[in-house]
Amino acid sequence: MIRVEDLWRTYQMGDHALHALRGVSETIEDGEYVAIMGPSGSGKSTLLNLLGCLDSPSRGRYFLAEEDVAGLADDELAETRLRRIGFIFQSFHLVPRLSAVQNVEMPMIFAGTTPAERRERAEASLASVGLSDRIHHRPNELSGGQKQRVAIARAIVMNPGLLLADEPTGNLDSRSGAQVLDLLAELHGGGRTLVVVTHDPAVARRADRVVVMRDGVILKRVAGDQVTDLGSLFEDLPPEESELAAGEASP
């Protein structure tokens, strides 16, 4: 289970404090599929980075499986990222000079897995995303959809319970994007917790529920099948709540 309490993330820009997150509290149960939506600058990617232990909050607490992440040492945080969390990014983050199978092997190198086991598990992971015939291809020899499937194979090769995806279909055409979403749904169906940041209503509709953000706060939560378009998510907000979301606050 994921639980965050009163999370703030503030960046100092000269004399000005930029509050990317303003007191966010949320709970995500094991096995949930949650989408985070909002306009650019709403804080959704900042929140995802904190959930993935890629950044630290300025204030507040984050519990992952009831463990207070703030209390972990740097090496424990690295171990958490390696073994418990899988990351999927819009820009794939593949190493250009490495083949698909070598890219998928990378997390296991850091984990100290033997070369023979690395290769066996990487090939199995690529097979699970339908790329058995592309294991020796480098990224420049793959389509966008294939690159993202390699990235997914890398994200799941350590068998993490939590997958975090930041705009996973943002660089893909509609057909490739649908294939990636089908694959993510299959992984979720296998019991993984899935958190997806997106601006695309078609992506959000696949989620169990959607967390709607603006200006660093959570405005509301809706069921995935209630999402039609991004604008409609803000239409029923009372004026005072919209003003609060846009107003200045300080931790």
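The values are calculated or read from the model by the stated rules, or taken from the named source; none is laboratory data. None of these values were measured; they are calculated from a predicted model. Glycine also receives a Cβ, built like all others from the backbone with ideal geometry; neighbour counts cover every protein chain displayed.
Pairing residues of segment 1-28 that are over 25 Å from P160 (Cα atoms) with residues that are basic (K, R) and buried (at least 16 other Cβ atoms within 10 Å of the Cβ), at Cβ distances under 6 Å and at least 6 apart in sequence or on separate chains, gives A20/R9; L21/R9. Suppose the filter is out of contact with any Leu (no Cβ under 9 Å at 6 or more places or on another chain), under 30 Å from D200 (Cβ atoms), outside any loop (DSSP other than H, G, I, E, B) and charged (D, E, K, R); does D75 pass it? Judged against the criteria, D75 is not a match. Entry remark, segment 106-122: residues being touching a residue at least 12 places away in the same chain (Cβ under 8 Å) and either closer than 16 Å to K147 by Cβ or not in a helix (DSSP H, G or I) (or both) number 3 in total.
Figure legend. Inter-residue proximity from segment 131-159: first residues closer than 16 Å to H93 by Cα and touching a residue at least 40 places away in the same chain (Cβ under 8 Å), second residues of a type in the set (D, E) and not in a loop (DSSP other than H, G, I, E, B), beta-carbon distance below 9 Å, spacing 6+ or different chains. Indicated pairs: R154/E105; V157/E105.
When G224, G189, G216 are screened for being buried (at least 23 other Cβ atoms within 10 Å of the Cβ) and modelled with pLDDT of 90 or more, only G216 passes.
Candidates in segment 78-105 are the residues that are among the hydrophobic types (A, V, I, L, M, F, W, C) and part of a helix (DSSP H, G or I); of these, the one that is surrounded by the fewest Cβ atoms within 10 Å (Cβ to Cβ) is A78. One residue stands out among those in segment 43-77 that are over 15 Å from the mean Cα position of the chain (by Cα) and of a type in the set (S, T, Y): the one that is surrounded by the most Cβ atoms within 10 Å (Cβ to Cβ), which is Y62. A single entry from E32, E5 fulfils the requirement of being crowded, with 17+ Cβ neighbours inside 10 Å and either touching a Pro at 6+ places or on another chain (Cβ under 9 Å) or at pLDDT 95 or above (or both): E32.
Within segment 78-109, the set of residues being closer than 23 Å to A65 by Cα and not aliphatic (A, V, I, L, M) comprises E79, T80, R81, R83, R84, G86, F87, P107.
Could you look through segment 135-180, keep only residues that are charged (D, E, K, R) and outside any strand (DSSP E or B), and pick out the one that is surrounded by the most Cβ atoms within 10 Å (Cβ to Cβ)? Among residues in segment 135-180 that are charged (D, E, K, R) and outside any strand (DSSP E or B), the one surrounded by the most Cβ atoms within 10 Å (Cβ to Cβ) is R154.
Of the set (1) at pLDDT below 95; (2) β-branched (V, I, T); (3) not in a helix (DSSP H, G or I), all apply to V203 but (3).
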